[in-house]
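Take a look at the structure below.
The values are calculated or read from the model by the stated rules, or taken from the named source; none is laboratory data. Quantities reported herein were computed from a predicted structural model and do not represent experimental measurements. Positions of Cβ are backbone-derived with ideal geometry, glycine not excepted, and every protein chain shown enters the neighbour counts.
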Amino acid sequence: MISLIYGLITGVLFGFFLQKARVIRYDKQLGALRLIDMTIVKFMLSSVIVGMVGVYLLMDLGLVKLNIKSTVLGGNIIGGLIFGLGWGLLGYCPGTSAGALGEGRWDALWGILGMLFGAALFAEAYPALKKTVLTWGDFGKITFPQILGINHWIIILLFVIGAVALFVWFEKKSI
Amino acid sequence: MGSNMKDRGWSPYLAGALTGLVMVLSVWITGKYFGASTTFVRSAGLLEKIFSAERVAQMEYFIKVVPKIDWQWMFVAGILVGSFIAAKTSATFRWQAIPGMWQSRFGTDPTKRGVIAFVGGLVAMFGARLADG
């Protein structure tokens with residue numbers, strides 16, 4: 001029960017920030033896919049930087065555990081390509097479609113309905129996919145620091161430098 | 001253009017960083033990482049259960065991802081509520097069936113937009129689940 005309340009509070013905060021930064025709009029999402037408006041990329045990378053530093057700091061202090069998903073190249077690559085195709089058509093992703101509906105952009109409702117059907121369809125296809133695509137290139141739960149055999153803070157530093165360089169370039173180009 | 005200038009909102013860097021902070025607190029306090037697409041699977045299962053509970057109970061994917069209302073389900077519902085509060089308090093809430101960029105390219109037919117949005121949602125969710133994202 002308490003977990004449900006935490007979920008709601010966390011979602012409200014996230015939805016609030018998403019709306020304030022105007023990143024849940026179709027125009028912003030398509031703007032990013034068309035490489036003409038990088039607002040959502042700025043938002044995403046900023047949250048990833050803070051999240052990455054914070055979570056790894058807490059992990060080093062022994063306070064939290066990472067929740068790593070398996071790397072399955074077949075599923076990740078083919079699924080990613082299919083997701084991108086759908087995202088470009090809909091203009092909202094699963095989380096932001098709820099946010100878009102919250103600010104009155106109700107075309108998101110058709111997207112949400114489609115996503116429910118997509119989830120149901122995937123559940124039907126799962127037994128077949130599990131034996132094929134989801135066995136291709138299965139590397140298990142791997143991370144960059146682990147496969148490269150280096151300290152995670154080196155990766156974090158490189159990531160932050162890369163993201164900041166991108167930010168500088170976006171601002172110079174005014175995108 | 002004038003209304004666009006007024007409707008800039010918060011800096012995406014600031015709002016993104018605050019989101020990162022909430023993410024860290026969430027992991028620290030409850031051990032929960034952000035996600036949304038699993039909620040659509042659980043919801044689809046909950047809806048299918050209304051029509052055929054026995055079938056859902058036997059499906060491998062719904063055994064793996066149990067149809068129920070959990071932390072993430074409330075998180076996704078919260079996104080809707082949070083966005084509504086932010087929109088209402090900044091007078092940016094607007095009932096809109098056709099996004100601006102869509103309209104300037106594909107016109108004002110809401111059916112056309114609805115069909116493409118539905119198909120897009122279906123395809124996107126299938127892909128997201130395949131990638132386990």
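At-a-glance table
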item	result
Test result for A:I161, of a type in the set (V, I, T), at pLDDT 95 or above and either buried (at least 20 other Cβ atoms within 10 Å of the Cβ) or not in a helix (DSSP H, G or I) (or both)	no
Filter result (hydrophobic (A, V, I, L, M, F, W, C) and more than 18 Å from the chain's Cα centre (by Cα)) within the stretch A:82-107	A:L101, A:W106
Checklist (1) hydroxyl-bearing (S, T, Y); (2) surrounded by fewer than 11 Cβ atoms within 10 Å (Cβ to Cβ); (3) within 20 Å of the chain's Cα centre (by Cα) applied to A:S174, failing item	(3)
The stretch B:74-86 residues that are more than 15 Å from A:A100 (Cβ to Cβ), paired with ones that are of a type outside the set (K, R) and surrounded by 22 or more Cβ atoms within 10 Å (Cβ to Cβ) (beta carbon under 6 Å, 6 or more apart)	B:M74/A:G7; B:F75/A:G7; B:F75/A:T10; B:F75/A:G11
Test set (1) more than 10 Å from every other protein chain (Cβ to nearest Cβ); (2) within 29 Å of B:G120 (Cα to Cα) - A:I147 fails condition number	(2)
Residue, surrounded by the most Cβ atoms within 10 Å (Cβ to Cβ), within the stretch B:2-29, restricted to residues that are in a loop (DSSP other than H, G, I, E, B) and at pLDDT 95 or above	B:W10
Hey, A:I49 over 24 Å from B:Q103 (Cβ atoms) and within 7 Å of chain B (Cβ to nearest Cβ) or not	yes
Candidates B:G100, B:G45, filtered to the one that is more than 28 Å from A:V53 (Cα to Cα), assigned by TED's automatic domain parsing to the domain that holds B:G121 and at pLDDT 95 or above	B:G100
